Each structure stands twice: as C-alpha cells, then as structure tokens.
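Worksheet: the structure to be examined is printed underneath.
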C-alpha cells in the first residue's frame, strides 16, 4: 500500500495546501511562480490534485491552463513523504486530468534540485538543455501601482537610455554619478559612496533635460512622477500642495520625481512676497524629508540656474548640478545618423552636423521631422517613393532658427563655470 490517496483538489483543501507548500522547499531558491499565483489558480478551479494520508493533506500538484498548454505551478510534499514516489503519483494524476481536458503540452520550471524535479523525470518529462531562463520583474507592487496611478506617475518604457542618441559626455556623467550607484547600492556602500538623492540639470531650452529624466527612470526601472506646480497650486495652494505631494511620495518604494522649470517655485526669495518665500521654504523642507529615504531620486531642471534661490543649490540639498548644453559635433553626428536611419535617407551626417552647429536635439528633431513630412507628401502625390538627400536637410536647416543664440551659449558657458557641481 502506498499509504496515500490522490484525489481532485477541493476548496476546503486550500489552507492545507498552503501549509504543505511552506514545508516543501528544498532548493533554497524562490520558485518561478509565487504562491499567490498558485492560490489564484486554485481559486479559479484550474486542475489540481492532492494526496491525503489519514485524512491529512500531505502533497499537492497545481496547474494553470492557457489554451492547449498548461504550466505546473506547484509540486509540493510534506517532508516525511519525500522519496516515496508520491511526487510521481501527483504528477501522473494531474497530467491525466490535463490531457483529458484537451491540453497538448505541459510545462514545468523548477529550481535545480527542488522538490518534484526527480518525479518529473520519472514521469518522462524531458528537460530542455541549452535554454536560458530570462526574467524581468515589475519594480512596482500592485498597491504602489494604484497610488502611482492616482498621482499621475508613469513607468517609462524600457530602453529609453539606449535611445538617447549623441550627448555621450552627458550620458557618461549621468551614468557614472547617478545610475551606477542607484543600480548597485551594495557595491556603492562598500566603497563608502553615498547614494545620490537629488540632482539639478541646467541648460538652454531644448537640450534634453526632460529626456534625460525619463531615460534615467527607464534605466533604473523606476516609475517617474512629474510634479506640475500650476496643478498643485490650483488644487491645494502651492505650499500646501508641495507638502502634501511629498508626503504621498514618501509612501512609495521607488520613484524618480521630476520638476521641470523649477525656477517657477524656487526662484530667488524676496521679502516683499511672503507667498513666494513660503513656497521656497516648503520646498526646501520637502527636499530634506525626501533625502532621508532610500530608493528615490529628485531631478530638477532649469533653463537658467542664476534665477534659483541661493539656498536651493546649497550642498546637502543637491548632490550634483549638471550642465546639459547643446550637443557637440560628435553628438550632432550621432543624432543625425539616428534620424537618417529612420527615414532611410542617404545623406552626409558630417555635413549636416557642421551645418547645424548650435542646434539643440529639439532643433535637429524639428528639421528631421520637417524633411520626413515633405518626402512623405511627395511620395503620396507622385506614387513613387521619395528619399531625402543631403540637400533636403541642408535647406531645412537654413530655414530653421536655432533655439540657442550665441549670447545664450555664452551665458550657459559662464553658468557652467560658476555653478556646475560634477
């Protein structure tokens, strides 16, 4: 006699199955499917079986059916019942029910040496050599996702960092100073590196400060929450709104908070304007609270760093003050090559880079979009595929006024010399 009876799972067995699953692990590695997935499958009445000895559940096998395929989510046994062929009996009973229900393929993924692995082999499940298991977990819990949604936050798509063309100098600086410590906090701690909590990006309009904020969040896999002062002012009053929003942010595990054009709320304080003074004071206190927690980064951006209150940039509030200027020649070449590739254009990126000196990434994007639209319309009108040439882009460059004037470029250089903290 085997000493057990295998039967279909019933809803009264749930607590017992959870108990056995808690006792069952042997590999020391977390299972592919968390217990919550197995419980959800049981509650949804996906095929499952239990083994009972003396009216006590001593083993279970749980599956989830997806069309004509099924996944075995759990093969668990009480420790006293291991190595007694119970696993094989559970798997055989479960697969019989699955195949009878129309399933054609049954999959199982277990940590090496985990309970049930030998039973799967005994039941003629074939291991697939040469496969590598890839995994990416959402960095936001369902509870936090609900809060983020209510705050208007977003989880930027992956790969934004790689899509930032050109700007190699700025990318390297941000990667080294911000991304690496936050992505590898244990290694940073070993070297006595304090994790960055806040950074100020400054530079002329259109140079990519907002793009960098989104790319950093994407690179870290963190949600991005942009604060809009006008919206906070309309809802609560600006000082109260800032205090309330940062209190809500404190309840999140990971988040990148972005404030664009921060000079609107952190400008030089004037004693005659009590409201402005109160707003700056509230923001300074909020930054202190923000810096006390791990797993968060404040990114502020301004077009003109000289307009900010002097206390705002003081050491201890912002770890870095980084200049984001117009792209240099190599960065412009990279930007042009990315747009030319998208348009299928055979144009001279070097010539375009020279002709667009002083252009911001936004300026170059405008020229590329203008040329692509014109060629699209030409193709539509003639029925023949029109491809842009170097001359098409040069014409559009000549018709475009750069965002950054010579005077603005000189002012940016002076601000970099005086305020940059790298």
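Results, tabulated for the structure shown:
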read-out: The range 243-271, residues that are in a helix (DSSP H, G or I) and within 17 Å of residue 293 (Cα to Cα); value: 243, 244, 245, 246, 247, 248, 249
read-out: Helices (runs of 4 or more DSSP H) lying entirely in the range 139-234 (those with 1 or more residues that are out of contact with any helix residue (DSSP H, G or I) (no Cβ under 6 Å at 6 or more places or on another chain), assigned by TED's automatic domain parsing to the domain that holds residue 266 and within 19 Å of residue 420 (Cα to Cα)); value: 168-174, 209-220
read-out: Members of the range 341-369 that are touching a helix residue (DSSP H, G or I) at 6+ places or on another chain (Cβ under 8 Å), in a helix (DSSP H, G or I) and in contact (Cβ under 8 Å) with a residue 40 or more places away in the chain; value: 343, 351, 352, 355, 361
read-out: Odd one out for residue 124, checked against (1) surrounded by 19 or more Cβ atoms within 10 Å (Cβ to Cβ); (2) at pLDDT 80 or above; (3) part of a loop (DSSP other than H, G, I, E, B); value: (1)
read-out: Any hit, the range 50-65, residues being out of contact with any helix residue (DSSP H, G or I) (no Cβ under 8 Å at 6 or more places or on another chain) and under 21 Å from residue 101 (Cα atoms); value: no
read-out: Residues located in the range 262-279, provided they are surrounded by 17 or more Cβ atoms within 10 Å (Cβ to Cβ) and either modelled with pLDDT of 80 or more or more than 23 Å from residue 202 (Cβ to Cβ) (or both); value: 262, 263, 265, 266, 267, 279
read-out: Top-ranked residue in the range 1-25 [being within 14 Å of residue 38 (Cβ to Cβ) and in contact (Cβ under 8 Å) with a residue 60 or more places away in the chain; ranked as surrounded by the fewest Cβ atoms within 10 Å (Cβ to Cβ)]; value: 25
read-out: Residue 350 being at positive phi and loosely packed, with under 15 Cβ neighbours inside 10 Å; value: no
read-out: Test for residue 317: is it touching a strand residue (DSSP E or B) at 6+ places or on another chain (Cβ under 8 Å) and either at pLDDT below 90 or farther than 19 Å from residue 412 by Cβ (or both); value: yes
read-out: Any hit, the range 330-337, residues being within 19 Å of residue 246 (Cα to Cα) and either surrounded by 14 or more Cβ atoms within 10 Å (Cβ to Cβ) or without any contact (Cβ under 8 Å) to a residue 12 or more places away in the chain (or both); value: no
read-out: Of the criteria (1) touching a helix residue (DSSP H, G or I) at 6+ places or on another chain (Cβ under 8 Å); (2) surrounded by fewer than 11 Cβ atoms within 10 Å (Cβ to Cβ), which one residue 36 fails; value: (1)
read-out: Answer residue from the range 157-202, given it is loosely packed, with under 15 Cβ neighbours inside 10 Å and at positive phi and is modelled with the lowest pLDDT among those; value: 159
read-out: Total residues in the range 309-329, condition surrounded by 21 or more Cβ atoms within 10 Å (Cβ to Cβ) and assigned to a helix (DSSP H, G or I); value: 1
read-out: Hits in the range 316-329 - residues which are farther than 17 Å from residue 206 by Cα and without any contact (Cβ under 8 Å) to a residue 60 or more places away in the chain; value: 316
read-out: Candidates 335, 284 - the one that is part of a helix (DSSP H, G or I) and not assigned by TED's automatic domain parsing to the domain that holds residue 262; value: 335
read-out: Qualifying residue in the range 397-406 (condition: outside the structural domain of residue 309 (by TED's automatic domain parsing) and more than 24 Å from residue 203 (Cβ to Cβ)); value: yes
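The values are calculated or read from the model by the stated rules, or taken from the named source; none is laboratory data. What you see is a predicted model; the values in this text were computed from it and never measured. As a convention, Cβ positions derive from the backbone with ideal geometry for all residues, glycine included, and neighbour counts pool all protein chains shown.
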